[in-house]
Amino acid sequence: MTPVSENPLLEASFLQRLQRLQLLVRRPLPGQWKGEHRSPKRGYSVEFADFREYSPGDDLRYVDWKAYGRLDRLYLKQYVEEEDVYVLLLVDCSRSMRFGQPTKLLFALQVAAAIGHIALCRFHRVGAGLIADGKVIWMRPVRGKQSLIPLLRFLGSPPDARSTVLAESARQVANGWKHRGAVYLLTDLMDEHWQDALRTLLARRHELTLIHTLSPQELRPDLMGDLLLVDSETGETREVSLSASALSLYQRALQQLRDDASALCGHFGGNYLLADTSQPLETFVLREMRMRGVLA
């Protein structure tokens with residue numbers, strides 16, 4: 001495994017700003033420990049939710065004695081219970097993700113680290129998986145702010161992979177990650193079976209957020225004329241002649257890909273975000289992710 005950079009993935013000043021944020025998880029997800037995500041269950045935390053009748057054995061500290069004085073019946077106050085959420089960070093480490101400046105891979109790892117830090121500050125359980133050549137390299141779930149350093153160390157040393165094989169990797173995630181929760185997949189979708197991969201993850205009832213990571217050269221190519229293009233993953237070469245009309249067809253195809261990915265995620269209650277690596281990391285996390293309802 002080779003380090004992406006000699007520098008840490010996230011600056012200390014940015015880490016401090018992230019501590020004020022929280023993940024927005026819309027779908028009720030089962031947790032295990034007390035955290036800061038509102039659960040559909042009723043417990044005894046801070047925010048009032050409802051009343052229920054007293055049953056023998058209930059804690060008398062939560063009896064509403066004013067209601068007893070009016071109604072001559074015992075009722076218990078119930079509150080929204082807060083639980084932790086299992087968070088899984090999945091990063092595509094294929095050769096195509098090493099394109100651009102900064103590379104798509106570095107940008108994706110930084111975004112994943114930011115999400116992980118926010119989750120750890122809220123006492124969620126955070127796991128990670130690096131996708132490489134149809135395999136998933138795992139980091140077991142960790143919890144608490146002290147786990148940030150191991151997470152950054154793991155994300156900061158991605159494997160030197162060639163291809164993605166997203167569908168096979170998604171099957172490994174579905175079989176190996178038993179905790180239903182919030183899954184964040186960061187990839188450029190440079191895989192012909194990407195739809196199968198998303199369906200596999202969505203079928204497990206995870207709340208999936210797809211962060212489609214592309215470079216400005218891919219979003220707005222300025223190539224023209226006769227060129228020899230080389231596939232970074234397969235090494236295959238192809239001679240092409242790029243004209244204004246050819247670039248227009250490319251833009252339409254790219255837009256269709258984005259629309260299809262967004263529609264597929266939305267159909268299953270997931271999220272789709274485009275990450276343009278030409279924008280500053282802080283702008284994407286603090287503005288774009290909040291505007292799209294992924295963070296608050």
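Any residue at all in the range 126-140 that is more than 23 Å from L189 (Cα to Cα) and assigned to a strand (DSSP E or B)?
Among the residues of the range 126-140, at least one is more than 23 Å from L189 (Cα to Cα) and assigned to a strand (DSSP E or B), which makes the answer yes.
Can you tell me which condition R252 does not meet? The list is (1) at pLDDT below 95; (2) exposed (fewer than 13 other Cβ atoms within 10 Å of the Cβ), and all the others hold.
R252 satisfies all of (1) at pLDDT below 95; (2) exposed (fewer than 13 other Cβ atoms within 10 Å of the Cβ) except (1).
Using beta carbons and a limit of 7 Å, which pairs, at least six apart or on different chains, have the first residue in the range 81-95 and over 16 Å from P158 (Cα atoms) and the second one among the β-branched types (V, I, T) and at pLDDT below 95?
Hits for this filter: V85/V25.
Inside the range 97-125, can you point out the residues that are touching a Ser or Thr at 6+ places or on another chain (Cβ under 6 Å), assigned to a helix (DSSP H, G or I) and either aliphatic (A, V, I, L, M) or surrounded by fewer than 24 Cβ atoms within 10 Å (Cβ to Cβ) (or both)?
Across the range 97-125, the qualifying residues are A108, L120.
Name the residue that is farthest from H193 (Cα to Cα), counting only residues in the range 240-296 that are assigned to a helix (DSSP H, G or I) and hydroxyl-bearing (S, T, Y).
T283
Does D188 satisfy the criteria of being at pLDDT 95 or above, of a type in the set (D, E, K, R) and more than 19 Å from Q22 (Cβ to Cβ)?
For D188, the condition - at pLDDT 95 or above, of a type in the set (D, E, K, R) and more than 19 Å from Q22 (Cβ to Cβ) - is met.
Of all residues in the range 106-136 being without any contact (Cβ under 8 Å) to a residue 60 or more places away in the chain and aliphatic (A, V, I, L, M), which is farthest from A296 (Cα to Cα)?
Residue satisfying both the conditions and the ranking: A132.
Go through the residues of the range 143-162 one by one and say whether even a single one is part of a strand (DSSP E or B) and at pLDDT below 95.
yes
Exactly one condition in (1) more than 23 Å from Q110 (Cα to Cα); (2) surrounded by 14 or more Cβ atoms within 10 Å (Cβ to Cβ); (3) more than 14 Å from the chain's Cα centre (by Cα) is not met by L202; state its number.
Evaluating L202 over (1) more than 23 Å from Q110 (Cα to Cα); (2) surrounded by 14 or more Cβ atoms within 10 Å (Cβ to Cβ); (3) more than 14 Å from the chain's Cα centre (by Cα) leaves (3) as the failure.
Could you look through the range 78-118, keep only residues that are modelled with pLDDT under 95 and hydrophobic (A, V, I, L, M, F, W, C), and pick out the one that is farthest from the chain's Cα centre (by Cα)?
V80
Taking the conditions exactly as written (more than 20 Å from I149 (Cα to Cα), modelled with pLDDT under 90 and not assigned by TED's automatic domain parsing to the domain that holds V111), does V4 satisfy them or not?
no
Please verify whether L229 is at pLDDT below 95, in the same structural domain as V173 (by TED's automatic domain parsing) and either assigned to a helix (DSSP H, G or I) or aliphatic (A, V, I, L, M) (or both), treating the condition exactly as stated.
Answer is yes for this residue.
The values are calculated or read from the model by the stated rules, or taken from the named source; none is laboratory data. Just so it is clear, the structure is predicted and the values come from calculations on it, not from any experiment. As a convention, Cβ positions derive from the backbone with ideal geometry for all residues, glycine included, and neighbour counts pool all protein chains shown.
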